[in-house]
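Let me begin by presenting the structure, written as C-alpha cells, before commenting on it.
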Amino acid sequence: LIAVAFSLYVKPIMVIYRPLDNPILDELVKYVRSSTGNIPLASAHAMRPMIRHLKKNDMIGLLVDQNVAWQEGVFVDYFGRPACTTDGLALLAMHTEAAVLPSYLVRKENGRYRLVFEEELQLVRTGDRNSDAKINTQMITKKIEDVVRRYPDQWLWIHQRWKTKACQARWQ
C-alpha cells in the first residue's frame with residue numbers, strides 16, 4: 001500500500017522487490033505496484049538502475065527489514081538479536097549522497113491510513129566504507145525497530161527475519 005500511496009500523493013517511484021516464488025502472485029503484485037506509475041524492479045542486479053534513477057533526481061522505495069544470506073549483508077541488532085541485513089541501502093546512499101527518508105503507513109482507527117515521513121537520517125561517512133556501511137545499516141534498522149515498537153499491532157511479518165545465523169557466516 002505504501003508504494004501506491006506514495007505515487008499518488010508524492011510522485012511515482014522505483015520500487016525494488018524480490019520476485020515471489022509463485023509467478024501468478026508475482027505478476028499480480030507487480031501489477032498493483034505499477035498501477036499508479038511506479039516502476040517495479042527486481043532486486044537482483046538492481047544497483048546500476050537505482051544509481052541511474054537517483055541521478056535523475058527520482059526516488060526509490062526499498063524494504064530493508066528482510067533476512068539476507070550472510071554473504072549479502074551484515075549482522076546488526078534487531079530487537080536484541082543479530083539479524084543479517086542488506087547493507088545495500090547504506091552503500092547506495094553513501095555512494096550517491098542520496099537522502100534516506102524513513103516512511104511508513106499507519107493504520108488509523110477509522111480504517112484509513114496516514115503516510116508518515118520521518119526526518120532524513122544523518123548517515124556516518126568516515127571514509128571507512130565497510131565500517132560506515134555497518135553503522136548506517138544499524139541506524140536504519142534501529143529506525144525500523146522504533147516504528148515497530150511504536151505500532152506493534154500493525155507489524156505483520158511472515159518472513160523469517162532471523163533465518164540466517166551468525167554462526168553460519170563463521171563456518172563458511
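Quick one: net charge around GLY61, please, counting Lys, Arg +1 and Asp, Glu -1 for every other residue with C-beta under 12 Å from its C-beta.
Details: positive: LYS11, ARG33; negative: ASP58.
Net charge around GLY61: +1.
If one computes the Cα centroid of the range 1-25 and of the range 102-172, what distance in Å separates the two points?
If we compute the Cα centre of each part, the gap is 18 Å.
With only Lys, Arg, Asp and Glu charged, each at its Cβ (+1 for the first two, -1 for the last two), find how big the charge dipole of the chain is about the Cα centre; round to the nearest 20 debye.
Numbers: 24 positive and 18 negative charges, 23 e Å.
Approximately 100 debye in magnitude.
Where both residues lie in the chain, what percent of DSSP beta bridges are antiparallel, nearest 5? Mind showing how you got there, number by number?
Values: 12 of 18 bridges.
Expressed as a percentage, antiparallel bridges in the chain total about 65.
Using Cα pairs under 8 angstrom and six or more residues apart, how large is the relative contact order of the chain, in percent?
Once divided by the residue count of the chain, the mean separation gives 22 percent.
Ordered by residue, what ³J(HN,Hα) values in Hz, to whole numbers, does the range 118-133 give under the Karplus form 6.51 cos²θ - 1.76 cosθ + 1.60, where θ = phi - 60° and Gly and Pro are x?
Whole-Hz 3J(HN,Hα) from phi for the range 118-133: 8, 5, 4, 6, 8, 6, 7, 9, 8, x, 8, 3, 5, 5, 4, 4.
Considering the options GLY37, LEU101, MET59, tell which one lies farthest towards the positive end of the dipole of the chain, charges being +1 on Lys and Arg and -1 on Asp and Glu at the Cβ, about the Cα centre.
Final value for the positive-end residue is GLY37.
In the neighborhood of PRO40, defined by Cβ-to-Cβ distances under 12 Å, what is the net charge if each Lys or Arg adds +1 and each Asp or Glu adds -1? Could you put the intermediate results ahead of the total?
Values: positive: ARG18, LYS30, ARG33; negative: ASP26, GLU27.
Within the 12 Å Cβ shell, the charges total +1.
What net charge is computed for the residues neighbouring LEU101, neighbours being all others with C-beta under 9 Å from the C-beta of LEU101, Lys and Arg scored +1, Asp and Glu -1? Walk me through the numbers on the way to the answer.
On the way: positive: none; negative: GLU118, GLU119, GLU120.
Cβ neighbours under 9 Å give a net charge of -3.
At a 1.4 Å probe radius, carbon and sulfur cover how many percent of the accessible area of the range 1-121?
Values: 4070 of 7500 Å².
It is 54 percent, rounded to a whole number.
Filter the trypsin sites (Lys or Arg not before Pro) in the range 1-83 to those in DSSP coil with at most 13 other Cβ atoms within 10 Å of their Cβ, and list the result. Provide the component values of the computation, followed by the final result.
On the way: sites: LYS30, ARG33, ARG52, LYS55, LYS56; in loops: LYS56.
Qualifying residues, ordered by number: LYS56.
Using a cut-off of 28 Å between alpha-carbon atoms, which lysines can reach LYS163, once sequence neighbours fewer than 8 places away in the same chain are excluded?
Cα-Cα hits under 28 Å: LYS30, LYS134, LYS142, LYS143.
The values are calculated or read from the model by the stated rules, or taken from the named source; none is laboratory data. Source: prediction; values computed, not measured. Cβ: placed from backbone, ideal geometry, glycine included. Neighbour counts: every protein chain shown. These area figures cover heavy atoms from the full protein model, side chains too; ligands, DNA and RNA do not enter into them. Shrake-Rupley method; radii C 1.70, N 1.55, O 1.52, S 1.80 Å.
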